[in-house]
1. Which length gain, in nm to one decimal place, applies between GLU339 and SER384 when the Cα-Cα distance is subtracted from 0.36 nm times their residue separation?
2. Please work out whether segment 495-635 counts as rounded, prolate or oblate from its C-alpha gyration tensor, where a ≥ b ≥ c are the square roots of the eigenvalues and a/c under 1.5 means rounded, while otherwise a/b larger than b/c means prolate and anything else oblate?
3. Write down the accessible area per residue of segment 162-269 in Å², having rolled a 1.4 Å probe over the full set of protein chains.
4. For segment 534-563, run through the trypsin sites (Lys or Arg not before Pro) and keep only the ones in DSSP coil with at most 16 other Cβ atoms within 10 Å of their Cβ.
5. I'd like the Kirkwood hydrodynamic radius of the chain, using the inverse of the mean 1/r over distinct C-alpha pairs, in Å.
6. Using a Förster distance of 35 angstrom, determine the FRET efficiency expected from the C-beta separation of VAL178 and THR96, and round it to 0.05.
7. Of the beta bridges DSSP finds with both residues in the chain, what % are antiparallel, to the nearest 5?
8. Looking at the square roots a ≥ b ≥ c of the eigenvalues of the Cα gyration tensor of segment 297-355, which shape do they give, rounded for a/c under 1.5, prolate if a/b is larger than b/c, or oblate?
Amino acid sequence: MKSGKKKIVTGLIALAVSLAVLLGLQAVDRSLPAEAAPAAEAAAAGFQAGTYSASADGFGGPVTVALTVDGGGRITNVAITGDSETPTVGGAAIPTLADEVLAAQSGDVDVVSGATFTSNAVRAAAAAAYEQAKGAPVEEGPKPADGNRYIPGTYTGTSKGFGGDITVTVVLSENEIVKLTIDGSHETENIGSFAVDMLDDRILEAQTPNVDALTGATVSSGAIIRALKDALSQAGADLSAFPTVSDASGGIKTYESMQVDVVVIGAGGAGMTAAIKAKQAGKNVIVLEKMPYAGGNTTKATGGMNAAETHYQAEQGIEDSVEQFVADTIKAGHYINDEALVTMMAELSARAIDWLDSIGAPLPKVSFSGGATNKRIHAPADGSGVGAFLVTRFLNTMDELQIPVYYDTTATRLMTLDGAVVGVMAEGKTANYTIHAGAVVLATGGFGNNEDMIVHYRSDLLGTVTTSAPGITGDGILMAEAVGADLVDIEQIQLHPTVEQGTSMLITESVRGDGAILVNQNGKRFIDELQPRDVVSAGELEQPGSYAYIIFDQRLRDGLKAIEKYVSTGIVVQGETIEALAEQLDIDPATLAQTLSDWNRYVADQNDPEFGRTTGMEADLSVAPYYAIKIAPGIHHTMGGVHIDTDARVIDVNGDPIPGLYAAGEVTGGVHGGNRVGGNAVADIVVFGGVAGENAAAWCDALAAEPEMAPAA
Ligand code: ADP
């Protein structure tokens, strides 16, 4: 087996660099003004005047640096392209990095805060390009025999994915990729891991690395493709000779028509629960999912599920009540929740926990969580994230029950007859469908990833990043509106205060709960960090630049598994002392040191005279090294949506149910009111997903029993 260390691809200047500059893409070009030219470093090293380029992996793909160097070793021009970098983060850092390389006359420049991936790529590529100018030979790989594509053998390539390195191992014959193994065990379960599971078949079938990235998992897909190219180039492959195979370039679509009892739109937690319940009630069910994988925002839920009066609480001696659950939810929701829905959720929550037990998805670990009077949040025994845990088990159950999921298939329109919903139109990759159904369940999630819709309802949130999955674009709300559905609380959008802006990665509340503080760019605290999400978010937006840093120490890192993920993603800045950390963040070291020593004194006194914080003060921040993550508020949950009643029937603008149409989960409004309690999203999807599935099945029974209820054909 050969090692795949050749991460830096070298080559002479690419025309693409200047082209991208002309096009104004994520590219800059900086020249040294003659009068500002620093003295050349040394002619002794035998520099060859010319333009040299090299690339290295950035956040989303390769970053290329082209250096024009004169005979004295002086860098006179720097051009950097990184079209795959996030425009507002890595892309925005590129001009600064170009200026720095020119000023430093080398690749040894500072990392731009918040753009670590891009900065490191520029550093590596600039250093490699400069080496070439010194006459370093461009690495020439081995070549296959004439007419062959590869030197047969087994090769391994590596590249950085979302959660760490991804390794691709290929077995090659003279002209074929015979076997391909992808190891990406650090990728996010049920998101990046789907790329790891699905791209191998796509590549093997196409016999080219130039395949479409998996929608929604572009970082993982990009890393797999880069690692594969690395392995193939070790086998002497000419990477420029591979064709590009795009899913979108497929042939003519067929039109298919089908008849089912229940069609569920969306394979998130609510949709899968509804599908399983309807199937358990004996109905013929199908699920449509617009992404190539299931899970939606449900996969991202890390906490647990709130439920009251459960057998787990009883076994653990925890006292709680349905009434208290209702009261806590309505208080947190600023008293605008739909009380009937909240009561229904609380009353059915214990039964929902039993049902999860019955399908092999137990949530036995019960603890406290923000906004709950009693220990009420139920999580998996092994501490894993509740969302990914449930999605995996729901998928297994759907497999056992043989419920078909049509992936890559987007529902586009609800079909109606005489005011009743009688089916769905959907578009797949190879076919368009007309699906006639007794009942339709909308479980398409919220609209956190539809910027137009967000701005339409909340213009103040223009440009705010989102933690929502790519498929969460409000389709269900729009489809329901088109058939007369009423919307409730639609402008109620929850911001999460600790979202890393480059990766949209949510920094779990537990970091603050375990003792982290927030400081602004001036190195000062500005709020009780454990106030409700909306309050902390608003506090951050008032700070210079509308962002903050979350600061923690080694003790906190050691105690919280989630932090390793942030570290391997490259978003954590580290300093051996608090002053060293401050310097990296461009904060005055003395101020940050003072803030920290004040905080540690407050922890010792169990009294925060500045902001009155009372929780997350079990331990101070005094164990080096120290860490920081730059964060700002991100759109987290759209609490409003389609109006439903306690039977999960969709209500129209006149207050009447729309026959045949049910909805559950984030697509609906009313349960969470003006502020969602952590743990209530999962309660909502499991309870109301179940209610929707059961009632959709019952509606089909009613239609069968009394055909005159059916709309006239
Ligand atoms: P919930 O938490 O309410 O279950 P999720 O966000 O977990 O919602 O899941 C919603 C799912 O619906 C996602 O997987 C998303 O891709 C899917 N979806 C959204 N719009 C459509 C559509 N038009 N057709 C099919 N699936 C859709």
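1. 13.0 nm
2. Values: a/c = 1.22, a/b = 1.07, b/c = 1.14.
Note, shape of segment 495-635 comes out rounded.
3. Solvent-accessible surface per residue comes out at 42 Å².
4. Those satisfying the criteria are LYS561.
5. On the way: mean 1/r = 0.0361 Å⁻¹.
The Cα-based Kirkwood calculation yields 27.7 Å.
6. 0.15
7. Restricted to the chain, the bridges split so that about 75 percent are antiparallel.
8. oblate
The values are calculated or read from the model by the stated rules, or taken from the named source; none is laboratory data. Values in this document were obtained by computation on a predicted structure and should not be read as measured data. All Cβ positions, even for glycine, are placed from backbone atoms using ideal geometry, and neighbour counts span all protein chains on display. Protein only, heavy atoms only, side chains kept; ligands, DNA and RNA dropped before computing areas. Shrake-Rupley method; radii C 1.70, N 1.55, O 1.52, S 1.80 Å.
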